[in-house]
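We did not get these values from a lab; they are worked out from the coordinates using the rules stated. Just so it is clear, the model here is predicted, and its values are computed rather than measured. Every residue, glycine as well, gets a Cβ built from its backbone with ideal geometry; the counts of neighbours run over all protein chains shown.
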Amino acid sequence: MKTTTKWDGLKFIVAGVMMGVGMMVAAVAGPANLQQVFNDAKSAYDAGDFEKAAIGFRKVLKYQPGYVYARKYLSQTEAMIKKGKVVVSLESKLAQLKVQSVEFDNASLGTVMSFLSQKSAEISGGKVVANFIYKGPGEDKESKTVTLKLGTVPMTEVIRYVGQLTGTKFKYEEYAVVGIPAAGAARADASRKILLKQTAAESNKPKFDDKVKDPFAK
């Protein structure tokens with residue numbers, strides 16, 4: 001019969017404590033930065049880096065298997081990898097363009113859209129040219145004004161702020177960024193809205209950034 005010494009007992013206790021600490025650290029470290037992991041994976045997806053995106057989405061699902069957006073992104077990402085194709089939308093291309101500084105002082109909406117179109121070509125070296133189209137009253141392009149000052153931000157963020165300041169909803173099409181008066185856009189989208197309900201189980205899970213919208217929901 002093997003005799004258990006005090007030293008053996010102490011080692012067993014220490015090992016148990018270290019294992020418990022390790023499990024607690026793993027439990028905290030994983031979900032704590034899950035939102036950033038998802039955001040980074042989404043950025044990689046938008047940039048067409050599907051291999052990197054897949055790794056990130058799988059990590060999110062490891063801790064949150066029921067997170068529907070990550071699952072849908074992963075499904076689409078794996079489909080793109082299987083096809084061996086990289087399809088980058090105009091929105092994704094503009095998201096990669098960093099505008100060093102933005103300063104508008106009571107500039108008309110028309111002037112701002114022309115500026116952004118020229119800036120996209122300038123920053124990308126002519127590879128990305130965003131044509132801006134406004135589908136609203138012609139006078140709105142002059143009467144709606146923008147006063148805005150930003151540091152270095154993605155082009156899509158500038159567009160988002162301009163939309164908020166002028167009551168315009170911008171939609172990204174294949175070759176153009178189309179602006180629609182917010183009221184008109186709301187009417188056009190009304191028939192396609194889907195109410196997403198979380199299950200009771202999902203409501204107990206760590207909250208994700210509500211600003212991240214599912215691009216596959218129609």
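Compute the relative contact order of the stretch 32-133 as a whole-number percentage, counting only Cα pairs closer than 8 Å that sit 6 or more residues apart in sequence.
Details: 88 pairs, mean separation 20.6, N = 102.
Worked out over the stretch 32-133, it gives 20 percent.
Please give the net charge around Val129, taking every other residue with its beta carbon less than 12 angstrom from that of Val129, where Lys and Arg add +1 and Asp and Glu add -1.
Values: positive: Lys93, Lys119, Lys127; negative: Glu122.
Within the 12 Å Cβ shell, the charges total +2.
When the chain is fully extended, how far beyond the present Cα-Cα distance does Tyr63 get from Lys82, taking 0.36 nm per residue of separation? Before the final figure, lay out the partial values.
Details: separation 19, 0.36 × 19 = 6.84 nm, distance 2.49 nm.
Full extension from Tyr63 to Lys82 adds 4.3 nm.
Glu103 versus Lys52, label points 7 Å from Cα toward the beta carbon: distance in nm?
3.2 nm
What percentages make up the Cα-Cα pair-distance distribution of the stretch 90-190 when the bins are 5 Å wide from 0?
All Cα pairs, binned at 5 Å, distribute as 3, 13, 26, 26, 19, 10, 3, 0 percent.
So how far apart, in nm, are the two label points at Glu173 and Ser89 if each is 7 Å from Cα heading toward Cβ?
Output for this residue pair reads 1.5 nm.
Counting only other residues whose beta carbon sits under 13 Å from that of Thr147, what net charge do I get with K and R as +1, D and E as -1?
Net local charge, Thr147 excluded: 0.
At 0.36 nm per residue, and after removing the present C-alpha to C-alpha distance, how many nm does the segment from Glu139 to Val153 gain when stretched out fully? The partial results should precede the final answer.
Details: separation 14, 0.36 × 14 = 5.04 nm, distance 2.90 nm.
Between Glu139 and Val153, full extension yields an extra 2.1 nm.
How much length is gained if the chain between Ala182 and Gln36 is pulled fully straight, taking 0.36 nm per residue apart and subtracting their Cα-Cα distance, in nm to one decimal? Intermediate values should be presented prior to the final figure.
Numbers: separation 146, 0.36 × 146 = 52.56 nm, distance 3.06 nm.
Extending this stretch completely gives an extra 49.5 nm.
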